[in-house]
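Derivation of every value follows stated rules applied to the coordinates shown; laboratory data play no part. If you're wondering where the values come from, they're calculated on a predicted model, not measured in any experiment. Ideal geometry is used to build each Cβ from the backbone, glycine not excepted, and the neighbour counts take in all protein chains shown.
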Amino acid sequence: NAGVMQNPRHLVRRRGQEARLRCSPMKGHSHVYWYRQLPEEGLKFMVYLQKENIIDESGMPKERFSAEFPKEGPSILRIQQVVRGDSAAYFCASSPDQGRGHRFGPGTRLTVL
Amino acid sequence: QQQVKQSPQSLIVQKGGISIINCAYENTAFDYFPWYQQFPGKGPALLIAIRPDVSEKKEGRFTISFNKSAKQFSLHIMDSQPGDSATYFCAAKGSARQLTFGSGTQLTVLP
């Protein structure tokens, strides 16, 4: 029973490039959340999705960031024209319902040079 | 009002001692309070969680104490072990599905 899967685990991009982070939720989980963790800080909510729908993107920066959770395939967090301030660990979590029992993936550590 | 304040920022405990981490919140609509454990380079792992209709929950060496009137909750780790050395995060959830996290406590248990 695989947990939440994220890839890549590490991603290096130069300023101005695009970053694509992928997340496959746990089996049976239809709710996906993305969080960002800056060094020495807690996790900050970015976006909450269900299949084919963005439910809450109140934590997502208005520009350059987008997320999707298509009918088939993993959830994708996309960061366009990355800047050094985007360097962080990005964690995906999934839950079966009601937001309780968040299970986190291992994260993608993005480094922007 | 959405903040969860966590203290201390770091904690050093001797093996066999009790580790205590505290959190406070303002939003009375929060109805679920989990604690997560995170090792370096790993994702947070759910440790234990409590709802506000319960004042205490215990699972093995880990206990959550909840004080609804004070809007505070704490994690107690009994008989702390070096393997418990990690960063601990409290969190809270209200009507929104996402979690609001505290800033984390870096626990070091000395052998």
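List of remarks:
- For region B:21-55, the tally of residues that are more than 9 Å from every other protein chain (Cβ to nearest Cβ), of a type in the set (Phe, Trp, Tyr) and assigned to a strand (DSSP E or B) stands at 3.
- Subset of region A:21-36 [more than 9 Å from every other protein chain (Cβ to nearest Cβ) and under 22 Å from residue B:42 (Cβ atoms)]: A:21, A:22, A:23, A:24, A:25, A:26, A:27, A:29, A:32, A:34, A:36
- Filter pass, residue B:87 being among the β-branched types (Val, Ile, Thr) and in contact with a Gly (Cβ under 8 Å, 6 or more places away or on another chain): yes
- In region B:58-105, the residue that is nearest to the chain's Cα centre (by Cα) out of those that are surrounded by fewer than 16 Cβ atoms within 10 Å (Cβ to Cβ) and not in a loop (DSSP other than H, G, I, E, B) is B:72.
Yes/no per residue for (1) outside any strand (DSSP E or B); (2) surrounded by 14 or more Cβ atoms within 10 Å (Cβ to Cβ):
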position: A:3; (1), (2): yes, yes
position: A:12; (1), (2): no, no
position: A:26; (1), (2): yes, yes
position: A:34; (1), (2): no, yes
position: A:45; (1), (2): no, yes
position: A:59; (1), (2): yes, yes
position: A:62; (1), (2): yes, no
position: A:70; (1), (2): yes, no
position: A:73; (1), (2): yes, no
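- Filtered residues of region B:78-111 (kept if touching a helix residue (DSSP H, G or I) at 6+ places or on another chain (Cβ under 7 Å) and under 27 Å from residue A:94 (Cβ atoms)): B:107
- Restricting B:70, B:96, B:91 to residues that are more than 20 Å from residue A:38 (Cβ to Cβ) and either basic (Lys, Arg) or within 14 Å of another protein chain (Cβ to nearest Cβ) (or both) narrows the list to B:96.
- Scan region A:75-113 for residues that are farther than 18 Å from residue A:11 by Cβ and either surrounded by 16 or more Cβ atoms within 10 Å (Cβ to Cβ) or touching a helix residue (DSSP H, G or I) at 6+ places or on another chain (Cβ under 8 Å) (or both) and the total you get is 8.
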